[in-house]
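Structure first, then comments.
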Amino acid sequence: MISTDPFIWISAFFTICSFTLLYGDNPLFRIGEYTFAGTVVAHGFVTGIQTLYGNYIPLFQGQDPMAAISLILAVMSLFIVWKKYAWIASFPIAVMIGVGTGVSVRALVSTDIIGNITATISEAGLILVGNPADGLGYAVRVIFTIVCTSYLLFTVLHRGPGSRTMSYLRTIGKYFFLVYLGLSVGNGVMQLSGLATSAINRLLVSWLGLG
């Protein structure tokens with residue numbers, strides 16, 4: 001039975017508008033596109049106002065004096081709209097990039113570098129322990145990690161003792177990276193196809209009641 005819920009009808013309408021892009025740009029798709037863009041902008045504006053209210057009301061009540069720093073930087077960033085005084089906005093942008101880079105590098109070292117090294121060592125100790133299938137999975141991950149790391153560290157041609165071995169490792173690491181890229185693309189396609197399947201299922205079941 002076809003749904004009588006107006007919100008489901010609205011959802012179905014905009015879903016169909018999105019799918020019309022398969023036939024090329026058209027007025028229906030632009031209606032869905034503009035509605036989505038307007039909704040996102042409006043939601044971001046309201047969320048920003050709520051964030052400002054929550055963060056700076058305590059400042060004016062004398063409860064959080066350190067918030068004055070972020071308020072000053074925020075006001076300085078608004079000068080980007082005036083060409084004559086746009087240089088003032090470079091200071092908060094520099095602070096934001098500097099702080100963001102510092103935090104990102106710290107997280108990168110602790111998670112992607114130290115965390116992966118620790119995980120690889122731990123998995124190497126589990127290769128011959130427990131279920132053989134799990135041990136095989138651990139061995140594959142350890143080998144992939146070592147070979148791909150060798151490929152990245154020794155990309156520059158090495159001449160001398162061990163150069164032939166390093167050449168083999170680089171070649172194997174290159175193919176391992178190709179396997180990884182293929183899996184990543186496949187996962188991305190599966191996610192997109194899952195979204196499309198979910199949208200079609202919503203049209204057939206929730207809207208038309210064919211499920």
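A short reminder: the numbers here are calculations on the coordinates, not readings from a lab. What you see is a predicted model, and the numbers here were worked out from it, not measured in a lab. Positions of Cβ are generated from backbone atoms using ideal geometry, with glycine treated the same way; all protein chains shown enter the neighbour counts.
Which option, (i) 17.7; (ii) 18.7; (iii) 24.2, is the value of Kirkwood radius over Cα pairs in Å that was calculated from these coordinates?
Entry (iii).
When the chain is fully extended, how far beyond the present Cα-Cα distance does residue 53 get from residue 111, taking 0.36 nm per residue of separation? Please list the in-between numbers first.
Numbers: separation 58, 0.36 × 58 = 20.88 nm, distance 3.41 nm.
Gain on stretching residue 53 to residue 111: 17.5 nm.
Length gain on complete extension for the stretch residue 183 to residue 208, per 0.36 nm per residue less the alpha carbon to alpha carbon distance? Mind showing how you got there, number by number?
Values: separation 25, 0.36 × 25 = 9.00 nm, distance 3.58 nm.
Residue separation times 0.36 nm, minus the Cα-Cα distance, leaves 5.4 nm.
Assuming 0.36 nm per residue, please report the length gained on full extension of the stretch residue 45 to residue 103 beyond their Cα-Cα distance. Walk me through the intermediate numbers first.
Numbers: separation 58, 0.36 × 58 = 20.88 nm, distance 2.66 nm.
Stretched fully, the residue 45-residue 103 segment lengthens by 18.2 nm.
Rounded to a whole number of µm²/s, how large is the Stokes-Einstein D of region 95-144 at 20 °C and 1.002 mPa s, given Rh as the Kirkwood radius over C-alpha pairs? Write out the running numbers ahead of the final one.
Numbers: Rh = 12.5 Å.
Translational D for this selection: 171 µm²/s.
Which of the helices in the chain meet the span-like rule: DSSP H, Cα axial reach of 18 Å or more, Kyte-Doolittle mean at least 1.0? Walk me through the numbers on the way to the answer.
Working: long enough: 6-19 (20 Å, 1.73); 27-60 (48 Å, 0.65); 90-107 (25 Å, 1.36); 132-153 (31 Å, 1.21); 163-201 (56 Å, 0.56).
Helices passing the filter in the chain: 6-19, 90-107, 132-153.
Using a Förster radius of 35 Å, what is the FRET efficiency between residue 61 and residue 88 based on their Cβ-Cβ separation? Nearest 0.05, please.
Numbers: r = 28 Å, r/R0 = 0.80.
Efficiency computed from Cβ-Cβ geometry: 0.80.
Below 8 Å, C-alpha to C-alpha, sequence gap of six or more: please give me the relative contact order for the chain in percent.
On the way: 114 pairs, mean separation 43.8, N = 211.
Relative contact order here is 21 percent.
Between residue 36 and residue 126, what is the spin-label point distance in nm, taking each point 7 Å from the Cα along the Cα→C-beta axis?
3.9 nm
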